[in-house]
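The block underneath contains the structure these notes are about, expressed in structure tokens.
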Amino acid sequence: MLAYALSEALVNIRRASQSAAMSIGTIAIAFLTLGGFLLFSENLGAVVERWASAAELSVYLRDDIDAAARDALIAELSSHPAVAAVEFVAKDQALDRFTTDFPELGDVVGSADNPFPPSLEVRLRPDGAAAGAADAMAAQLTERSGVADVRYDRQWLARLLGVVTTVRLAGLAIAAVLVLGAAFTVAAVVRLSLDARHVELDIMQLVGAPFAFIRGPSIAEGALLGGVGAVLSLAALWAVFVALRGRLNEAVAALGASTDVKFLGPENALLLVVAGLSVGAIAGLIVSRVVR
Amino acid sequence: MIETHGLGKAYGRGLYALRDLNLKVDKGEFVFLTGASGAGKSTLLRLLLLQDRPSEGVAIVNGRNLARMSRREIQAYRRSVGFVFQDFKLVSGKTVFENVSFALRVLGTPIEQQRRRTYQVLKWVGLQHRLNAYPLELSGGEQQRVAIARALVNEPQLVLADEPTGNLDPDLSLEIMNLFREINAGGTTVLVATHDRELIKWVGRRTVHLEHGRVLEAPASAAGSG
């Protein structure tokens, strides 16, 4: 039955090659959009992950904190399960770092009255369980005497992740609309094939052919159009990726994440092809249901 | 083989194509349905092929009420019925051999059996030398013989033919009728709708005359002339 359905589907596609080509093109554009969003999503996810693993907690101390209180805080933080390491940065060290990083601003700050507070730079463990514990710890630290302020990277990372998720959902919604449009195109082409085969279909019904034989070619035709469209979209996406890889890597490096952009993983690439096959097959099945 | 009781088909309010039809056709019988255009011949065949549902009455074929069949049962029933139409209904893009074997292929028949049976039946209708020809390369008589071969390839118990000689000249019509007589001689029940009185007279079998959707006369089986 499968061989019959596939061979008839290929005959149909050959018979209406121009319509089939347009349908494949529409599917390819829709899946290129979807694939593009997946690619963006995967790579941005990797960048954010990298930032998250390097997240730090900065605890700014009051200038008047005494050495005993400071050392007690360092000891307490060092033994916390979410903390990987604690480093004390004295006022002078902070000023040195600033003038090294921003030499052109050295005159503005001057050296007589150092405005930088002493601080503790707390490097956190990268695992997810530690993140929750670190959130609680950051909240508690702001209440401690001797602590002037607490800056926690993860808080803005969480906000960034929220924005990324919104963009990702919007992209998927746009891609879904395009895929739906492409499905209608596939349905139109399969419908044309059904019309061209009306004598065959009449005969099949009259000889008592099972529905699998009657509808199989339409489903196979839809699946082939969708599948080929999805594979072409992957090829196009790869070509665009290779052409832009250098610039993308530069952009990611500029964001401070030392990671190379990567093409879609095998799961997502396979998902794209399976989605193409499925969308086409479903469109073919729906259209073929006119044959009763 | 075929029994109808009060069978009727209405298209729209009060427009009956067939009305109160009571008919009995025995197994192995050859029956002509005749009458003017619009008398209800084709409607009766459409009902027997389950291309249409009756508006009233029942049709029973081989002891089974056609109105109560599920989709699967309809498929199984149609496998036991051969059909021949005036316009042949051949697929122009398929060869003679493919047109006939198609009826087996879509039933999932093994390929060797498809080939053997298709060749046998095409040889029987005298077209074994035109296996690779396309329908448009054949004469009207040859095309109808291909259609008959396709109707027979599944070895049906019942053959329904709707004006099978409507597009053929008298000589070819006789040739086609001879094929139907031979099919019937093999034990298959044959029901042929035609308005060609000469042909009916020549074949000389039982004739059911329809007029305005009703049976006008249904004489008992007459002796065939040949």
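The values are calculated or read from the model by the stated rules, or taken from the named source; none is laboratory data. Since this is a predicted model, take the numbers as computed values, not measurements. Note that we place each Cβ from the backbone using ideal geometry, even for glycine, and neighbour counts take in every protein chain shown.
Conditions first: (1) part of a helix (DSSP H, G or I); (2) over 17 Å from A:Gly25 (Cα atoms). A:Ala239 passes all but one, so which condition is the exception?
(2)
Only one residue in B:Asp52, B:Asp87, B:Asp20 is within 14 Å of chain A (Cβ to nearest Cβ) and either touching an Asp or Glu at 6+ places or on another chain (Cβ under 7 Å) or surrounded by 15 or more Cβ atoms within 10 Å (Cβ to Cβ) (or both), so which one is that?
B:Asp52
Restrict the check to the stretch B:114-131 and report whether at least one residue is under 30 Å from A:Leu2 (Cβ atoms) and within 12 Å of another protein chain (Cβ to nearest Cβ).
Among the residues of the stretch B:114-131, at least one is under 30 Å from A:Leu2 (Cβ atoms) and within 12 Å of another protein chain (Cβ to nearest Cβ), which makes the answer yes.
Take the stretch B:44-84 and flag every residue that is touching a Lys or Arg at 6+ places or on another chain (Cβ under 9 Å) and of a type in the set (Lys, Arg).
B:Arg46, B:Arg53, B:Arg71
Mind listing just one residue for me: the one in the stretch B:99-113 that is more than 22 Å from B:Asn167 (Cβ to Cβ) and under 22 Å from the mean Cα position of the chain (by Cα) and, of those, farthest from the other protein chains (Cβ to nearest Cβ)?
Residue satisfying both the conditions and the ranking: B:Ser101.
Could you check, for the stretch A:102-109, whether at least one of its residues is aromatic (Phe, Trp, Tyr) and surrounded by 15 or more Cβ atoms within 10 Å (Cβ to Cβ)?
Among the residues of the stretch A:102-109, not one is aromatic (Phe, Trp, Tyr) and surrounded by 15 or more Cβ atoms within 10 Å (Cβ to Cβ), which makes the answer no.
To keep it simple, each residue is scored yes or no on (1) more than 15 Å from B:Leu216 (Cα to Cα); (2) in a loop (DSSP other than H, G, I, E, B); (3) at pLDDT 85 or above.
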residue	(1), (2), (3)
B:Glu3	yes, no, yes
B:Gly6	no, no, yes
B:Lys9	yes, no, yes
B:Gly14	yes, yes, no
B:Asp20	no, no, yes
B:Lys24	no, no, yes
B:Gly28	yes, yes, yes
B:Gly38	no, yes, no
B:Thr43	yes, no, yes
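Count, please, the residues in the stretch A:199-214 that happen to be outside any helix (DSSP H, G or I) and at negative phi.
3
Matching residues to (1) crowded, with 17+ Cβ neighbours inside 10 Å; (2) touching a Lys or Arg at 6+ places or on another chain (Cβ under 9 Å); (3) at pLDDT 90 or above; (4) of a type outside the set (Gly, Ala, Ser):
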{"residue": "A:Ser193", "(1), (2), (3), (4)": "yes, yes, no, no"}
{"residue": "A:Glu200", "(1), (2), (3), (4)": "yes, yes, no, yes"}
{"residue": "A:Ala209", "(1), (2), (3), (4)": "yes, yes, no, no"}
{"residue": "A:Thr259", "(1), (2), (3), (4)": "no, yes, no, yes"}
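Right, A:Val207: assigned by TED's automatic domain parsing to the domain that holds A:Val273, more than 19 Å from the chain's Cα centre (by Cα) and either more than 30 Å from B:Arg150 (Cα to Cα) or in contact (Cβ under 8 Å) with a residue 12 or more places away in the chain (or both) or not?
Taking the combined requirement at face value, the residue does not satisfy it.
Let me confirm something: among A:Ser278, A:Ser193, which residue is more than 30 Å from A:Leu38 (Cα to Cα) and assigned to a helix (DSSP H, G or I)?
Exactly one of A:Ser278, A:Ser193 is more than 30 Å from A:Leu38 (Cα to Cα) and assigned to a helix (DSSP H, G or I), namely A:Ser193.
Determine whether the stretch A:225-239 contains at least one residue that is under 29 Å from B:Leu90 (Cβ atoms) and away from chain B (no Cβ under 14 Å).
Yes; the residues of the stretch A:225-239 include at least one that is under 29 Å from B:Leu90 (Cβ atoms) and away from chain B (no Cβ under 14 Å).
Is at least one residue of the stretch A:29-45 within 14 Å of chain B (Cβ to nearest Cβ) and surrounded by 15 or more Cβ atoms within 10 Å (Cβ to Cβ)?
No, that holds for no residue.
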